[in-house]
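The values are calculated or read from the model by the stated rules, or taken from the named source; none is laboratory data. No experiment lies behind these values; they were computed from the predicted model shown. Neighbour counts are summed over all protein chains in view; Cβ atoms, including those assigned to glycine, are modelled from backbone coordinates with ideal geometry. In case anyone asks, the SASA skips ligands and DNA or RNA and just uses the protein heavy atoms, side chains included. Shrake-Rupley method; radii C 1.70, N 1.55, O 1.52, S 1.80 Å.
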Amino acid sequence: MPTPPPTGPLVTLDTLRTQLRELGVRPGETLLAHTSLSSLGWVNGGAVTVVRALLDALGPDGTVVVPTQTGDLSDPAVWADPPVPPEWWAAIRATMPAYDPRITPARRVGVVPETVRTWPGALRSAHPQTSFAAIGPRAAEVTEGHAPDCRLGERSPLARLEAMGARVLLLGAGYASCTSFHLAEYRIPSPRVAVGRPGPEGWETVTEVSISSDRFDELGHDFERDRPVVRGKVGAAEARLFPVADAVAYAERWLAVHRPREEE
């Protein structure tokens, strides 16, 4: 069967740059972007155009940050999509390459973060499973010091972004993708779990706060109802803009009431 023609709309660099500015993206700010390329329409130039538009809207003094997570660097015993046979687990653990921020690709966060990761001058944080990449004059400030036993907590780029007054841009992405909510999980009673992964010296296990995006869509709905969230359209996508600090503070209160978890 022939491939059906694109449904559009046709989206260009100028379209995105203009609409991001109309949404409220400010030159010089630091922006944590969660993106869905397919939701924007037919983007001429694809992910490269999206990154260029973000950088143009932010200007030379602005910094764009994206999640470049690598959840596949984990214990095969917990893989579910798809699972692998148990008889493979030991061999996978023994041979899985360790994280290298220069070359390990981002997984399951979309093509835009991978484009940012490989952009000239981009920096990437050191956590082997929940890294962030950034472009701009504050990239080092955001990405340095990401502790290997702190996926999305106080010693991660999320806390840096909160402290520097950064904002979140959901560009066609829903609240389930909002990593800022995870920082709140580190500030309320939460269980701790053993996390396996490949390390420089072989397979290693660290104890971490248990993180989960369960009910983040509900959390986001209530956050948007109760707190100022800028909403608009960029291409065909719904876009939202709000401070990291607002999202974290609201999530701390909401999760403690609506999704309490016992600390272990």
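Per residue, the accessible area of the chain comes to 47 Å², computed with a 1.4 Å probe over protein heavy atoms only. Within the range 33-140, the ratio Rg/Rh, alpha carbon atoms throughout and Rh by Kirkwood, equals 1.06. The Trp42 and Arg227 beta-carbon pair, evaluated with R₀ = 25 Å, returns a calculated FRET efficiency of approximately 0.15. Computed from phi, the 3J(HN,Hα) profile of the range 174-189 under the Karplus parametrisation 6.51, -1.76, 1.60 (θ = phi - 60°) reads x, 5, 4, 8, 6, 5, 4, 4, 5, 4, 5, 5, 7, 10, 10, x Hz, with x in place of Gly and Pro.
Per-residue 3J(HN,Hα) values for the range 114-119, derived from phi via the Karplus relation 6.51 cos²θ - 1.76 cosθ + 1.60 with θ = phi - 60°, read 5, 5, 4, 4, 9, 6 Hz in sequence order (x marks Gly and Pro).
Rounded to the nearest whole Hz, the Karplus-based 3J(HN,Hα) values (6.51 cos²θ - 1.76 cosθ + 1.60, θ = phi - 60°) of the range 23-39 follow the sequence 5, x, 4, 9, x, x, 7, 10, 10, 8, 9, 10, 10, 10, 4, 5, 6, with x at glycine and proline. Hey, any idea what % of the range 128-247's accessible area is carbon plus sulfur with a 1.4 Å probe? Percent of accessible area from carbon and sulfur atoms in the range 128-247: 48.
Mark the label point 7 Å from the Cα of Met164 along Cα→Cβ and return the residues of the range 116-140 whose backbone N is within less than 15 Å of it. Residues passing the 15 Å test: 122-126, 132-140. Of the heavy-atom accessible surface of the range 67-118 (probe 1.4 angstrom), what whole percent is carbon and sulfur? With neighbouring chains kept in place, the figure for the range 67-118 is 62 percent. For the pair Ser210 and Val84, the difference between a 0.36 nm per residue extended length and the Cα-Cα distance amounts to 43.1 nm. Here r is the Cβ-Cβ distance between Ala91 and Glu22 and R0 is 45 Å; the resulting FRET efficiency, rounded to 0.05, is 0.25. Considering helices alone, the calculated mean residue ellipticity of the chain at 222 nm is -9000 deg cm²/dmol, with DSSP H runs of length four and up weighted by -39500 (n - 2.57) and normalised per residue. An ellipsoid equivalent to the chain, defined through the eigenvalues of its Cα gyration tensor, has semi-axes of 30, 23, 19 Å when rounded to whole angstrom and sorted largest first.
Secondary structure note: in the chain, about 70% of the DSSP beta bridges are antiparallel. To the nearest 10 degrees, how steep is helix 216-226 against the longest Cα principal axis of the chain, on a 0 to 90 scale? Here the helix axis deviates by roughly 50 degrees. Near Gly199, the amide H atoms lying under 5 Å from its own belong to Glu204; only residues 5 or more places off or on other chains count, and H is placed 1.01 Å from N. Multiplying the residue separation of Trp203 and Glu218 by 0.36 nm and subtracting their alpha-carbon distance yields 1.7 nm.
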